[in-house]
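Working notes, beginning with the structure itself.
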Amino acid sequence: MKAEEMEARLKALEKKVGLLDDINEVKRLQRIYSYYVQHMMRDEIYNLFADHPDVRLHWLEGTWLGKEGVKRYFGVGSDRPEPPPGFLHQVMPIAGVVDVDPGGQRAKGRWYSFGGVAVPRQEDGEFNCSIVGGLYEIEYIKQDGVWKMLKIDWIIPLNIRMPKESWMAPEQLGKNIMNFKGPEPDIPPTADDPRFVSGYIFPFHYNHPVTGKPTSEGDKNKRLLKGKKGKK
């Protein structure tokens, strides 16, 4: 093997190892985020986000912009009461698909986020509980060699309220969201948000891994939303 060929192979191997290391670091970051959210550890959550103007939380309740928006949403440094004992917000990130940009400074990930939420009621000591199955599409950025959160998009196609075990369709969830009482978003939610439509496919950040072509969710969503408008 010629020296030039050996050098090329070593460089390709170094690049591949670097890519795998980045993917593992992004996955680790995502898992750590979920552990902090479980107990709403505000300062720790806030410090996972980048110092960057593109930071964004695109929640169902609206959109919060910039790291200042993250600070307001989670109540960092505010007089908002801490979650009471018994509070649980467990969302387990599973089946993650992470893609790192060629420059190695940005990445995107798609995750199922399945878990349970339990919020104690002050009036009677009982709990408001639900089982939640959501999807994340998240962007990450590397700053000073450290991967951080940049943008989070979130959808909840599955929501079961306990103990009645009642299924809440996305349409009903959307109606409830309109009555959200919490930190004011920079961009309010809208009733026509497609995430509040049953059957809506959360767009993938990646193309088909075999064909390399964009996938068909865009066309499927157009037909779905067009059909919904036609029924009004």
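Annotations for the structure displayed:
- Asp153 falls short on exactly one of the conditions (1) closer than 25 Å to Pro203 by Cβ; (2) more than 10 Å from the chain's Cα centre (by Cα), and that condition is (2).
- If you go through the stretch 29-59 and keep only what is in contact with a strand residue (DSSP E or B) (Cβ under 8 Å, 6 or more places away or on another chain) and assigned to a helix (DSSP H, G or I), you end up with Leu29, Gln30, Arg31, Tyr33, Ser34, Val37, Gln38.
- Of the criteria (1) free of Cβ contacts under 8 Å to residues at least 40 places away in the same chain; (2) under 26 Å from Gln105 (Cα atoms); (3) part of a loop (DSSP other than H, G, I, E, B), which one Arg80 fails: (2)
- Among the residues making up the stretch 51-88, a single one is farther than 17 Å from Leu150 by Cα, touching a Phe, Trp or Tyr at 6+ places or on another chain (Cβ under 6 Å) and of a type in the set (A, V, I, L, M): Val76.
- Residue list for the stretch 60-76, filter: of a type outside the set (Gly, Ala, Ser) and either without any contact (Cβ under 8 Å) to a residue 40 or more places away in the chain or in contact with a strand residue (DSSP E or B) (Cβ under 9 Å, 6 or more places away or on another chain) (or both): Leu60, Thr63, Trp64, Leu65, Lys67, Glu68, Val70, Lys71, Arg72, Tyr73, Phe74, Val76
- Residue in the stretch 22-37 that is at pLDDT 95 or above and over 18 Å from the mean Cα position of the chain (by Cα) present: yes
- Taken together, Arg161, Arg195 contain a single residue that is basic (Lys, Arg), farther than 16 Å from Glu137 by Cα and touching a residue at least 24 places away in the same chain (Cβ under 8 Å), which is Arg161.
- Residue match in the stretch 16-37 (condition: out of contact with any Lys or Arg (no Cβ under 7 Å at 6 or more places or on another chain) and under 20 Å from Pro183 (Cα atoms)): yes
The values are calculated or read from the model by the stated rules, or taken from the named source; none is laboratory data. As the structure is a computational prediction, the values presented were derived from the model and not from experiment. We place every Cβ from the backbone using ideal geometry, glycine too, and count neighbours over all the protein chains shown.
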